[in-house]
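Read-outs: derived from the displayed coordinates by stated rules, not from any lab. Computed from a prediction, not measured in an experiment: that's the story for all the values here. In this analysis, Cβ positions are derived from the backbone assuming ideal geometry, glycine residues included, and neighbour counts consider all displayed protein chains.
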Amino acid sequence: MEVTIKSVAKEAGVSISTVSRVVNAPEGVRDETKRRVLDAMEKLDYRPNAVARSLSSKRTRTLGLIVPNVSDFFVSELYKGVNRAATSRGMKVILYDSDSNQSRVVLGVEFMKEHRVDGIIVSSDYIPSAHDNMLKRLKIPVVLTLTESPSAELPSFKTDDVGAAFDTVKYLVSRGHTKIAMISGHLKDEVSGKSRFNGYQMALKHFNINYDERLVAYGDWRYQHGYAAMTDLLANRAEVKFTAVFAASDEMAVGAMRCLYDNNLRVPEDISVVGFDDIAMADMVTPKLTTVRQSFEQIGSEAVHYIIDLLEGKSRPANGGSHYIPYQVIGRESVTVISDEALD
């Protein structure tokens, strides 16, 4: 015997329209009634047809998540936050990998439109102005994570990169370091590269430490770039001493640590190292990496709740603004306290 919506309504002791609301718009149903309907659906093994449901409600109850690269260490944490929050609000998530290619971001948006998602979360290295305009023209909510809108008109959830970099230098200074090198992201990356570099410079100025361009090397966030950048810094070490290195990503920090090991230098006894992100690897390497913890899971969760609140007509500004999620400098084993004599 086929189980229908009428069967569920009879089992739960409610009307067919109530069952329909539980399926399509559960936020408008009392918890007790919702529970009776869901229990009846489970008992009867009722599975509503997703296509028919979306046609009747004009909603698919799905969100699109576009990420720069599924192999990036942070993506699993971001997705976890997105998926858990979406599930808690009765939504599903479609994931699209843009492979760190801006043209594929456009393809990802088209893919999401074809699948009639109710909202899109875009995580990208940066958002070009042309893409910013495209996203603003969509007739569904769009929220950015770990990046910002050039026009400041799209809501975004991220870490305050300038403040986090400033506090990282402050952490090193508090432990006696004044000769602090940096492995920065490229400055053409306005979102993370330039912001974290600016935070580094601001902190040096605040603590009356002279900026020296010979103490800065650049990389593209990956392990091998951290290794290469550390090699460049060591080449200048005879001319300009440093006791600590701030790497703008954990991957680059781990690459720098390996380079130091290969050059018979100890971390932290000879050179202290700090990263940025607090990916799982940071707690696995030896010594364990001191780093800035970004709350990727919370960032993903907040983005989802923002979109769904907009869809449900709750009070949320539809345009603009960066929403900064708290960060924390996590002290582990890769930074030592140094004395004045060690600076000579």
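Report the semi-axes of the equivalent ellipsoid for region 87-211 in whole Å, largest first, where each axis is √(5λ) for an eigenvalue λ of the Cα gyration tensor.
Result for region 87-211: semi-axes of 36, 15, 12 Å.
Want the number for H186 to Y324: 0.36 nm per residue separation, take away the alpha-carbon distance, what's left?
47.5 nm
So for the chain, taking the charge dipole from beta-carbon charges (+1 Lys/Arg, -1 Asp/Glu), which of G199, L144, L311 sits furthest toward the positive end?
In the chain, that residue is L311.
Can you give the helix-only mean residue ellipticity at 222 nm for the chain, where every DSSP H stretch with n ≥ 4 adds -39500 (n - 2.57) and the sum goes over all residues, rounded to the nearest 500 deg cm²/dmol?
Computed ellipticity for the chain at 222 nm equals -13000 deg cm²/dmol.
Can you tell me what share of the DSSP beta bridges in the chain is antiparallel? A percent to the nearest 5 is fine.
Given both bridge residues lie in the chain, the antiparallel proportion sits at roughly 10 percent.
Compare L172, L233, L265 in a GNM of the chain, Cα atoms joined below 10 Å, and give the one with the largest fluctuation.
Taking springs between Cα atoms under 10 Å, the residue moving most is L265.
Can you tell which of G219, S20, L154 lies farthest toward the positive end of the dipole of the chain, using +1 and -1 charges on the Cβ of basic and acidic side chains (Lys, Arg; Asp, Glu)?
S20
Got a sec? Which residues in region 243-260 would a label at S100 touch, if it sits 7 Å along Cα→Cβ and we count backbone N under 20 Å?
In region 243-260, the label zone of S100 (backbone N under 20 Å from the point 7 Å along Cα→Cβ) covers 247-259.
Please compute the modelled spin-label separation between E32 and D283, points set 7 Å along Cα→Cβ, answer in nm with one decimal.
4.3
When the chain is treated as a GNM, springs tying every alpha-carbon pair under 10 Å, which of T145, T168, T33 comes out with the largest mean-square fluctuation?
T33
Considering every Cα-Cα pair within the chain, what fraction, in whole percent, is farther apart than 33 Å?
40
How are the Cα pair distances of region 1-43 distributed, in percent, across 5 Å bins from 0?
5, 28, 39, 20, 6, 1, 0
Which order do peptides 82-89, 240-247 fall in by mean Cβ count within 10 Å, highest first? The partial results should precede the final answer.
Numbers: 82-89: 19.1, 240-247: 23.4.
The most tightly packed comes first, giving 240-247, 82-89.
With bins 10 Å wide starting at 0, give me the P(r) of region 247-311 over every alpha carbon pair, in whole percents.
All Cα pairs considered, the percentages come to 21, 39, 18, 13, 7, 2.
In the P(r) worked out for region 192-312, what percent of Cα pairs fall beyond 17 Å?
61
Please work out the Kirkwood hydrodynamic radius for region 185-260, using every pair of different C-alpha atoms, and report it in angstroms with one decimal place.
Answer for region 185-260: a Kirkwood hydrodynamic radius of 12.6 Å.
Over 26 Å between Cα atoms: which of K6/K34; K10/K92; K170/K241; K80/K288 fall into that group?
With Cα atoms farther than 26 Å apart: K10/K92.
Between region 151-230 and region 288-311, what's the alpha-carbon centroid distance in Å?
21
Report the local net charge at L204: Lys and Arg +1, Asp and Glu -1, summed over other residues whose C-beta lies under 14 Å from its C-beta.
Spelling it out: positives minus negatives among the neighbours equals +2.
Taking the Cα centre of the chain as origin, sum charge times position over the Cβ atoms of Lys and Arg (+1) and Asp and Glu (-1), and report the length of that vector in debye to the nearest 20.
Magnitude of the dipole: close to 1660 debye.
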